[in-house]
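Just below is one structure, and these are the notes that go with it.
The values are calculated or read from the model by the stated rules, or taken from the named source; none is laboratory data. As the structure is a prediction and not an experimental result, all values here were calculated from the model. Don't worry about glycine lacking a Cβ; one is built from the backbone with ideal geometry, like all the others, and counts go over all protein chains shown.
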Amino acid sequence: MTEPALPTIQTPSRTTLVAILAVVAAVLLATVAGILVAGGGKSVRYEVETSGSSALRITYVADGNQSQLVPQADSSWSETVEFTGANQWAAVGADFPNGTATCRIFLNGKKLAESAGRGGALCETTIP
């Protein structure tokens, strides 16, 4: 009795393997580049200025709606935060009971919001 013949497996040529690896590498590179460009961070700068020597308290929103508190700040304060998602709420507020405060929000250098008031100020906007 004879045993059935095993199928012959053809090994791809070295040129074929190099071509497949090159295509896979190109697809991975394009995917990573697309993620970095499309999902890249948005640079949000918060600014607060007060008419006195310091602000009593500053609160701002970081990426992911995380509230951050600065209990005591100079009269000219700023903080830059990277936002990674779309349509996120950005806000900064300052309490300054003995004078006026001004707040501003910038996205990649462009001013999106500004507010001023006696006793404090609040700015808010949506980061697209």
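Of note:
- Among residues of the stretch 44-84, those that are closer than 15 Å to A121 by Cα and of a type in the set (D, E), counted: 2
- Residue list for the stretch 40-58, filter: surrounded by fewer than 17 Cβ atoms within 10 Å (Cβ to Cβ) and more than 17 Å from P128 (Cα to Cα): S51, G52, S53, S54, R57
- Residue list for the stretch 89-126, restricted to those being assigned to a strand (DSSP E or B), surrounded by fewer than 17 Cβ atoms within 10 Å (Cβ to Cβ) and either among the small types (G, A, S) or at positive phi (or both): G99, A116, G117, G119
- Matching entry among S76, S115, S54 (being touching an Asp or Glu at 6+ places or on another chain (Cβ under 8 Å) and either hydrophobic (A, V, I, L, M, F, W, C) or at pLDDT 80 or above (or both)): S76
- Test result for T84, among the hydroxyl-bearing types (S, T, Y) and under 13 Å from the mean Cα position of the chain (by Cα): yes
- Residue check, T84 surrounded by fewer than 19 Cβ atoms within 10 Å (Cβ to Cβ) and touching a residue at least 40 places away in the same chain (Cβ under 8 Å): yes
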